[in-house]
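The values are calculated or read from the model by the stated rules, or taken from the named source; none is laboratory data. Please read all numbers here as calculations on a predicted model, not as lab measurements. Here the Cβ is made from the backbone with ideal geometry for all residues, glycine too, and neighbour counts use every protein chain on show. The protein model used for the area step is the full one, side chains on, heavy atoms only, and it has no ligands, DNA or RNA in it. Shrake-Rupley method; radii C 1.70, N 1.55, O 1.52, S 1.80 Å.
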Amino acid sequence: MENIFVHIRRRLEWMKELGLNVWLETTETASSDSSSKEVELKRLADEISVCRKCRLGSLRKNAVFGTGNPNADLVFIGEAPGATEDETGLPFVGAAGNLLTQELGKHGISRDEVFICNILKCRPPNNRDPLPDEIASCEPYLLRQLDLLNPRLLCGLGRFAVMTLLKRPISIMKIRGTWQSYHGIPLFVCLHPAAVLHQPQNRQLFSADIAALARAYRERHDRLPEVKEANLI
Ligand code: SF4
């Protein structure tokens, strides 16, 4: 918790150094705002945990709200929980999650620094594609989540997630690595790490996409040290 407040203060101090007219809050005020946001996120997570707005609510073991920094500037959005996520209640765990964590780590980005969630909060049976009425029921939760998190950047992971966010058919191989927009927030399009595990020939593309995303994130985020070239693939 303390790290979050230190992070906020550091960013405000940096903006002041740049000559921007910001009001540097007292630590107590910043702490209060941050904790109220966490309270609101917890309320939303509690609401989702008992949701039965679509059929998936009666099939899940655990709803998967998402995890990460409530003050994250970057939010990753996948399609829906899989079997391990349903078991644990956590997003992007297992081999695919490890691959994403590993690639972010190459650029000095930890999962604690960002936020990771899915469009659907409950697992579709046998990992089938979410149905239109399930998306219509669940996407408002994502919008409320983003409203609270207020990130500067989004990253859509995989064809189905990006297609759902953009509301149009896409070819993931054609638009991966590009910037789109979701409700006015810049949305970076990336391959899904699980798909990359199934098609290892796309591993280099995935690495390149995460590298491009990390550069954009650093430009908008703060003056954290750049990763040395030797650490990049
Ligand atoms: S998938 Fe979304 S809308 Fe459907 S039951 Fe789960 S939380 Fe509710």
- Item | Subset tally (residues that are closer than 25 Å to Leu187 by Cβ, more than 10 Å from the ligand (Cβ to nearest atom), modelled with pLDDT of 95 or more and surrounded by fewer than 20 Cβ atoms within 10 Å (Cβ to Cβ)) for region 37-67 | 5
- Of the residues in region 115-141 that are touching a residue at least 60 places away in the same chain (Cβ under 8 Å) and of a type in the set (Lys, Arg), the one that is farthest from the ligand (Cβ to nearest atom) is Arg123
- Would you mind telling me which numbered condition in (1) within 16 Å of the ligand (Cβ to nearest atom); (2) buried (at least 19 other Cβ atoms within 10 Å of the Cβ); (3) part of a loop (DSSP other than H, G, I, E, B) Asp86 fails? (3)
- Going through region 68-83 one residue at a time, which ones are small (Gly, Ala, Ser) and open to solvent by 30 Å² or more (accessible area, probe 1.4 Å)? Gly68, Ala83
- Query: Considering only residues of region 89-114 that are within 16 Å of the ligand (Cβ to nearest atom) and surrounded by fewer than 19 Cβ atoms within 10 Å (Cβ to Cβ), which is farthest from Leu149 (Cα to Cα)?
  - Reply: Gly89
